[in-house]
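Student: Here it is: the structure, laid out below.
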Amino acid sequence: MHPPTAPVARTPIRVSSGARPYVLTAPSTPVAPKAARDFVRAVLRRTALAPLLDTAVLLTSEAVTRAHLHTPGSADILLRMLTAGHGLRISVHDEAQARIPSPAPAAGEQPDDYGLLLADRLADDWGTAPFTGLPRSTSLWFELRLGQ
């Protein structure tokens, strides 16, 4: 999370900047979050990004669980991860109809999506983006960076 004051100069995490891409596709079943956690852990465990491992695994688990809860069992969940020397970006896409999530509940309401609250608090940056595949679907993404 960035302070609301002066803008922070950040290096974007892109394949063109030397990032390495990783992809996992899993059926939308109750074991999808575990498969995603194991995948992220296996990729990050022995890299310079290991200090980000616990946060990356937690946020991935929340994002994939959220995707599983919003998709039919016949759907797939797609996890994309880009790693670079300075950080990583993970995006989770499901085949459910597009939703506009909000981490902040209205006054007097309880939050219904703790995963978004965690992303808002723990990720250096996060959001949703239109997915280039199915019409009207979105991806939830987050970035974690070293040294921030």
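The values are calculated or read from the model by the stated rules, or taken from the named source; none is laboratory data. Predicted, not measured: the structure shown is a model, and the values here were computed from it. Glycine gets a Cβ as well: all are built from the backbone with ideal geometry, and neighbour counts include every protein chain shown.
Student: Given the structure, is T65 within 21 Å of S28 (Cβ to Cβ), of a type in the set (V, I, T), modelled with pLDDT of 85 or more and touching a helix residue (DSSP H, G or I) at 6+ places or on another chain (Cβ under 9 Å)?
Tutor: Criteria met by T65.
Student: Continuing with the same structure: Out of R66, R89, report the one residue that is assigned to a helix (DSSP H, G or I) and either buried (at least 19 other Cβ atoms within 10 Å of the Cβ) or in contact (Cβ under 8 Å) with a residue 60 or more places away in the chain (or both).
Tutor: R66
Student: Taking the range 33-63 as the region of interest, how many residues are in a helix (DSSP H, G or I) and in contact with a strand residue (DSSP E or B) (Cβ under 7 Å, 6 or more places away or on another chain)?
Tutor: Matching residues across the range 33-63 total 11.
Student: Then there is this: Given the criterion of a type in the set (A, V, I, L, M) and crowded, with 17+ Cβ neighbours inside 10 Å, identify the matching residue among A48, A36.
Tutor: Selected residue: A36, the only one of A48, A36 that is of a type in the set (A, V, I, L, M) and crowded, with 17+ Cβ neighbours inside 10 Å.
Student: Let me ask something else. Of the residues that sit in the range 15-24 and are surrounded by fewer than 12 Cβ atoms within 10 Å (Cβ to Cβ) and touching a Leu at 6+ places or on another chain (Cβ under 8 Å), which one is modelled with the lowest pLDDT?
Tutor: The extreme case among them is V15.
Student: For the range 69-81, give me each residue that is assigned to a strand (DSSP E or B) and either touching a Pro at 6+ places or on another chain (Cβ under 9 Å) or without any contact (Cβ under 8 Å) to a residue 12 or more places away in the chain (or both).
Tutor: Residues satisfying the conditions are D76, I77, R80, M81.
Student: Condition test on L118, is it modelled with pLDDT of 95 or more and assigned to a helix (DSSP H, G or I)?
Tutor: For L118, the condition - modelled with pLDDT of 95 or more and assigned to a helix (DSSP H, G or I) - is not met.
Student: If only one of S139, S102, S91 is touching a Phe, Trp or Tyr at 6+ places or on another chain (Cβ under 8 Å), of a type in the set (S, T, N, Q) and either farther than 20 Å from A26 by Cβ or at pLDDT below 90 (or both), which one is it?
Tutor: The conditions single out S139.
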